[in-house]
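Asker: Take a look at the following structure, please.
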Ligand code: NDP
Ligand code: 2IT
């Protein structure tokens, strides 16, 4: 429910951003949490502070022309939404997927503002990407696309201005091509302009693993509040990309068993537990499909084309693919099958109805902007290492990630309690993130 003072603000967001359903959804979720804030501290409803937070500082849309291996000219659209820089340079990933449109990038940028605030680190929020579809493209085509994309985007970036990283469809390879082009154009070795870099060219250890590991650390800490843990638990992890793979890795290290994962063509169930070395080989090295996994593990695995992974009975679910991939019906199925915790590795993977079902069932629900913040937090650690020309060991970096995730968890829990809803990590994350951004905005005048 929206507080009546917030209703006109939301109506204005709908009016100013027509057709951007995902952005509306993300804003509404945060506004629903802010009723409790303005009831306690009415000053946050003044000076159009909330309205300003809902409006991006800058939105950039550009043409990305490139040439296929066959010599055909293609046109894609590039985006960068620089949402809020009150806490530091704009920071957030780039997504290459055919579904990307302005509303997608705006929803992700808006989430990123609060997520980055929750990390406690000096980073603002932004997001970018393109409707380019990397599937089936050669290395040469990916490189030419990335170079053209960066040629235009570069004029808006800088280590003190805006610092992109990866997201769906953008990993080490794409970041390499983009960093190479930025370096040529700027004639500077400006390591801090991108994060998620390779270890030989300014990257940080643990950045590859960070989002998945961090999500598992958050859920492990939440489970501990109920005297539980991952050990011995059966887990579903949707997706099989960067976040999913390292979620599975950390769950296995903690003694849990991931029995199913997926991609956009369907899911696999492997009752012996997902063979991670095989999954990495198929997904990271061969860039294959999840059905290839089932074909290689005939004895224990089955492939279910186009089905719902959430139908598989399990103790814990970690949606780690994409937005709105888990709906109200899926949530009811999970609850009926006895799920005790849901941790979002992806951004906004549960629909509002699904979130309600989890909350009414009283299970642990860890929202993406808190649970998946380990990725961007480790990006901020990469920026620290770049600024000091230093490079830390895996152990030191992972330990820092663990400390950050515990502190995000504890801050969300503390704020949820303070605002009258103990255990409500959605409220805790939205309010804790909002307060940090709002206080800084207020201090800097009307910006
Ligand atoms: P990847 O591109 O590495 O993997 C994405 C996975 O999700 C693939 O298995 C892909 O399947 C699946 N997927 C993507 N889109 C869809 C769709 N529309 N329907 C069904 N499946 C889909 O991306 P990441 O692992 O990096 O990102 C996953 C999620 O985590 C996203 O929500 C992202 O915003 C979020 N995130 C990522 C962070 C990071 O550091 N990378 C940090 C925080 C959040 P297929 O290959 O078939 O397309
Ligand atoms: O959604 C996210 O937090 C990311 N894709 C990572 C952003 C980053 O800058 O590391």
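The values are calculated or read from the model by the stated rules, or taken from the named source; none is laboratory data. Note that the structure is a prediction, hence the values are computed from the model and not measured. Cβ: placed from backbone, ideal geometry, glycine included. Neighbour counts: every protein chain shown.
Asker: Tell me, please, whether a residue that is in contact (Cβ under 8 Å) with a residue 60 or more places away in the chain, away from ligand 1 (no atom under 16 Å from the Cβ) and not in a loop (DSSP other than H, G, I, E, B) can be found in the range 105-113.
Answerer: no
Asker: Sticking with this structure for a sec: For the range 208-236, enumerate the residues that are within 15 Å of ligand 2 (Cβ to nearest atom) and touching a strand residue (DSSP E or B) at 6+ places or on another chain (Cβ under 8 Å).
Answerer: Passing the criteria: 215, 218.
Asker: Select from the range 308-340 the residues that are within 16 Å of ligand 2 (Cβ to nearest atom) and in contact with a strand residue (DSSP E or B) (Cβ under 7 Å, 6 or more places away or on another chain) and write down the one among them that is nearest to residue 222 (Cα to Cα).
Answerer: Taking the candidates together, the pick is 318.
Asker: Identify, by number, the condition in (1) crowded, with 20+ Cβ neighbours inside 10 Å; (2) more than 22 Å from residue 320 (Cβ to Cβ) that residue 137 doesn't meet.
Answerer: (1) is the only condition that residue 137 fails.
Asker: Ok, one more. Got a sec? Which of 239, 203 is in a loop (DSSP other than H, G, I, E, B), touching a strand residue (DSSP E or B) at 6+ places or on another chain (Cβ under 7 Å), surrounded by 20 or more Cβ atoms within 10 Å (Cβ to Cβ) and in contact (Cβ under 8 Å) with a residue 40 or more places away in the chain?
Answerer: Answer to the selection: 239.
Asker: A further question on this structure: Yes or no: residue 256 within 16 Å of ligand 2 (Cβ to nearest atom), buried (at least 20 other Cβ atoms within 10 Å of the Cβ) and at pLDDT 95 or above?
Answerer: For residue 256, the condition - within 16 Å of ligand 2 (Cβ to nearest atom), buried (at least 20 other Cβ atoms within 10 Å of the Cβ) and at pLDDT 95 or above - is not met.
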